[in-house]
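Please treat every number below as a calculation from the coordinates, not as lab data. In this text the structure is predicted, and so the values were computed from the model without any measurement. Using ideal geometry, Cβ is built from the backbone for each residue, glycine included, and neighbour counts are taken over all protein chains shown.
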Amino acid sequence: MMEELPHPYEKFLRMDRIPHIWCEGCGNGIILNCFARALSELNIDLNKLVVVSGIGCIGRVSGYINTDSFHTTHGRPIAFATGVKLANPELKVVVISGDGDLFAIGGNHFIHAARRNMDIQVICANNFIYGMTGGQSGPTTPLDSLTTTTPYGNIEEAFNLVHLAAACGAVYVARWTTFHTRWLTESIKKALQKEGFSFIEVVSQCPEIFGRYNKMETAIKMMQWFKETSTLQHLSDPAEAEIRPHNIMVGEFVDIEKPSYGRLLRELAARVAEKK
Amino acid sequence: MLDTAKVKLSKAEVHVIKERCKGCRLCIEFCPKEVLEESDEINEHGVHPPRVKDESRCTLCGFCSAVCPDFAIFAREKNCQRGC
Amino acid sequence: MAAISVAKTEVGRLGRRLFMSGDVACAEGALAAGCRFFAGYPITPATEIAEHMARRLPEIGGVYIQMEDEIASMAAVIGASYAGVKAMTATSGPGFSLMMENIGLALMTETPCVIVNVMRGGPSTGQPTMPGQQDIMQARWGSHGDYEIIALAPSSVQEMFNLTVEAFNLAETYRVPVFVLADEIVGHMWERVNIPEAESIKIVNRKKPTVPPSDEFAPFKPDEEDLVPPMAVFGEGYHIHATGLTHDERGYPQTESAEAQTKLVQRLCNKIRKNKEKIIRVENAMLEDAEVAVVAYGITARAALSAVRKARTTGIKAGLLRPVTLWPFPEEQVAQMARRVKAIVVPEMNCGQIVREVERAAKETPVIFLPKLGEEPHKPDEILDAIRSIKK
């Protein structure tokens, strides 16, 4: 008979708030799990980590993680994170948010933070839908999908987030699904140790809403879709990395070196000080 | 081929934190070695948490631990000091 | 803990008298108060504040960042403040409107910060290079939900310096966004400014927790006397969580409890209301024996003072009540004054904003409203005519 052992990642969680509100089989929980594992394997100083999230189901993650954390207004975690990182560069600042928060209302902040190469890591839970508000379409909802605001099928093309991030200048761009737990954890570790703007898209299941509306009503069915249709495409052209029903391209698409905004700002300050 | 006379495979033990399970069955379904099955018990969420069907098959791949959204299951090496 | 130095390094040319514009004086006031982070977006007539900060902040180890819009600017300001650095932004009407949602976030998370609105002609794009006083009510009510804020109205370039320092001190004391409501004239005009020695400038910093980090630490538990929680910031080991959702003292969301909503929202209002006496500032001129009063603020108060002086030379006992804090509005002071005078003249560069507060406080005492819109502020004679029109 096994004694009741605590889960090894409980130190990363606010245990007084567990169980979390996410549905059974929700990809958000898997993302949190992989993130905790990355923190564990890197032995990250939890006193110097700030997790920032926006509005949406995944936005609740900042309330579950046992670090300094902030839950912003809709779409604004990246802008908030920019202020944090510049004010105290010793902090590691990670944004974990959703597809609508980061790319609909928050799109402008994403492209500029990437352009500036702000030294922050952005993890996007892309579940193709606005789950928290009951299942409306968003900028990553696949063509023809059914949602509450596309009851006749979605006629909008979805963003290719990998392409968008790469085009805006992110130094590290990866996409995984929640099925690729080991790869995802490794990417998170890589991003946390890399200077500059890193972006990881996580194709994630929302079985209760997106799944139910689109004939994949269980977590198992959605994960089977991820497992069976994903293809590993390391360093292939981000422009071709769109997600199609029969092909979810995963892998690391960009991995380059560029000085971060913070580094350039410090160099600027040194030049200014020299002149005086 | 793995020479089991020379290489010792770890023995694994799987821990289920039953009251945390929300019954998504991802661990049961995707365990590559079919170590788990649904138990008969019902927990406070009204679902059947997993139970270990055959622990000897577990290779400690860690997938159940990684894929659980609720931190309700984890596997680790057995401490085999007094034999396993 | 912040890597950015907040030591009292040389701020401008301290301890000297200088000639500068209001916008620049505002920026220098912020630096004197210890501001080391500015995030903003160019907008007439506040752009010069950003430009001056862009030049000065790198000189003293601070950060200037030009964000992609005003929404991002306000979000970055909150982030910087939560990382422990005094932070501000500066804008005008259209940017002020964009910032409103995040001003609500600053209120809800009790973030000390300063927002300068150099007001121009509105509504909408309006007249970017012309003065206005049309955003007074917006400062008070512009974000959704119930809350209280503090707003200061400078009337001179010297006050652009002094009141910006005071704005930071108030923000740090009450953990609240504080507004400096200037107008295009005060922002763009040049006047002499006395910049005091650093040692004589009073600086207030946010209360810090008196207990070490622990699982029980409650970042939103207020001190009883002032209703303001001591502020732990990121990186100090407290593992704080803050959210714009209604929350409890641990900072955790409480989206279903009426008790939590009542407790929090009322405290956010009461922490200003309860401390009104310490916050409200009014400057009076010749008011003690006045039979006619003028209530004016910002650039309008300059003409009002002139009008009151002129009135006195002709034998009319006129006086000026100048609210320096527009919010909380000095109701008591206006009410007391209203009981002594025959009538009150309120000149404003809008269609009626502070005059409504005056009417409310003045009760039965007649109030004469003098609106003026466009390039020119009130002339002293226009105000004098209104004073003269009051029957003995």
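If you look at the Cα atoms of the range A:108-237, you get an Rg and a Dmax of 15.3, 45 Å. On the basis of the beta-carbon distance and an R0 of 35 Å, C:ARG388 and C:GLN336 show a calculated FRET efficiency of 0.90. Classify the range C:16-200 as rounded, prolate or oblate, taking a ≥ b ≥ c as the square roots of the eigenvalues of its Cα gyration tensor: rounded when a/c is under 1.5, otherwise prolate if a/b is larger than b/c and oblate if not. Rounded. When the square roots of the Cα gyration tensor eigenvalues are ordered a ≥ b ≥ c, the ratio a/c for chain B is 1.5 or more and a/b exceeds b/c, which makes its shape prolate. Measuring gaps between exposed loop sites in chain B (GluC sites (Glu not before Pro); DSSP loop; at most 16 other Cβ atoms within 10 Å), the longest gap, sites not included, is B:45-84. Do any trypsin sites (Lys or Arg not before Pro) in the range C:285-387 lie in a loop, going by DSSP, with at most 12 other beta-carbon atoms within 10 Å of their beta carbon, and if so which? Sparse-neighbourhood loop trypsin sites (Lys or Arg not before Pro): C:LYS363. A DSSP coil position with no more than 10 other Cβ atoms inside 10 Å describes the following GluC sites (Glu not before Pro) in the range A:1-98: A:GLU3, A:GLU4.
Note that the range A:255-261 has calculated 3J(HN,Hα) couplings of 8, 10, 10, 8, x, 6, 4 Hz, one per residue in order, obtained from phi through the Karplus relation 6.51 cos²θ - 1.76 cosθ + 1.60 (θ = phi - 60°); glycine and proline are x.
For the range C:16-200, give the share of DSSP beta bridges that are antiparallel, in percent and rounded to the nearest 5; count only bridges with both residues there. Roughly 30 percent of the beta bridges in the range C:16-200 run antiparallel, per DSSP. Here each label is just a point 7 Å from Cα along the line to Cβ, and for C:GLU291 and A:LEU232 those points are 9.5 nm apart.
Once you have a ≥ b ≥ c as the square roots of the Cα gyration tensor eigenvalues for the range C:267-375, tell me rounded if a/c is under 1.5, and otherwise prolate or oblate according to whether a/b is larger than b/c. Cα axes put the range C:267-375 in the prolate bin. Within the range A:146-196, the chymotrypsin sites (Phe, Trp or Tyr not before Pro) that combine a DSSP coil assignment with at most 15 other C-beta atoms in a 10 angstrom radius are A:TYR152.
For C:LEU287, the residues whose amide H sits under 5 Å from its own are C:LEU320, ignoring neighbours fewer than 5 places away on the same chain, with H placed 1.01 Å from N. Separation of the range C:318-350 from the range C:52-77 is 36 Å, based on Cα centroids. By DSSP, the beta bridges lying fully in the protein assembly as shown are antiparallel in about 35 percent of cases.
Note on C:ARG56, C:ARG16: ascending count of other Cβ atoms within 10 Å places them as C:ARG16, C:ARG56, the fewest first. Exposure proxy for A:HIS234, C:HIS247: other Cβ atoms within 10 Å of each Cβ, ordered fewest to most, give A:HIS234, C:HIS247. Shielding value for A:88-94 is 5, the average number of Cβ atoms from other chains within 10 Å of each residue's Cβ. Amide H to amide H, with H built 1.01 Å from N, C:VAL367 comes under 5 Å of C:ILE344, counting only residues 5 or more places away or on other chains. Restricting the calculation to alpha carbons of the protein assembly as shown gives Rg and Dmax of 29.8, 114 angstrom. Ellipsoid fit via the Cα gyration tensor, chain C: semi-axes of 36, 25, 19 Å, each the root of five times an eigenvalue, largest first.
Once the C-beta distance of C:GLN127 and B:LYS78 is scaled by a Förster radius of 60 Å, the resulting FRET efficiency is 0.20 to the nearest 0.05.
Summarising the amide proton neighbourhood of A:PHE199: residues at separation of 5 or more, or on other chains, whose placed amide H is nearer than 5 Å comprise A:VAL122, A:TYR172, A:VAL173, A:ALA174. May I ask what percent, to the nearest 5, of DSSP beta bridges between residues of chain A are antiparallel? Restricted to chain A, the bridges split so that about 25 percent are antiparallel. For the pair C:ASP248 and B:GLU41, a Förster radius of 56 Å applied to the C-beta separation gives a FRET efficiency near 0.95, rounded to the nearest 0.05. Cross-link partners of C:LYS310 among aspartates and glutamates, defined as those whose alpha carbon lies under 12 angstrom from its own and excluding same-chain residues fewer than eight positions apart: C:ASP381, C:GLU382, C:ASP385. Put one equal scatterer on each alpha carbon of the range C:201-322, apply the Debye formula with no solvent term, and list log10 I(q)/I(0) at q = 0.13, 0.21 1/Å to two decimals. With no solvent term, the Cα-only Debye profile gives -0.70, -1.15.
Model label points for A:ALA239 and A:THR149, set 7 angstrom from Cα along the Cα-to-Cβ axis, are 3.0 nm apart. Altogether, the Stokes-Einstein calculation at 4 °C and 1.567 mPa s, with the Kirkwood radius of the range A:14-275 over Cα pairs as Rh, returns a diffusion coefficient of 71 µm²/s. Projected label points at C:LEU18 and C:LYS379, each 7 Å from Cα along the beta carbon direction, are separated by 3.6 nanometres. Can you give the charge dipole size of chain A about its Cα centre, rounded to the nearest 20 debye, using +1 on the beta carbon of Lys and Arg and -1 on the beta carbon of Asp and Glu? Charge dipole, chain A, about its Cα centre: 780 debye, nearest 20.
Of the residues A:THR82, C:THR314, A:THR218, the one with the fewest other Cβ atoms within 10 Å heads the list, and the complete ranking is C:THR314, A:THR218, A:THR82.
Phi angles of the range C:105-110 translate, via the Karplus equation with coefficients 6.51, -1.76, 1.60 and θ = phi - 60°, into HN-Hα couplings of 5, 4, 5, 5, 9, 6 Hz per residue; Gly and Pro are given as x. Legend: mean number of C-beta atoms from other chains within 10 angstrom of residue C-beta atoms, peptide B:17-29, equals 5. Listed by chain and number, the lysines whose C-alpha is less than 20 Å from the C-alpha of A:LYS258, apart from same-chain residues fewer than 8 away, are A:LYS85, A:LYS92, A:LYS189, A:LYS190, A:LYS194.
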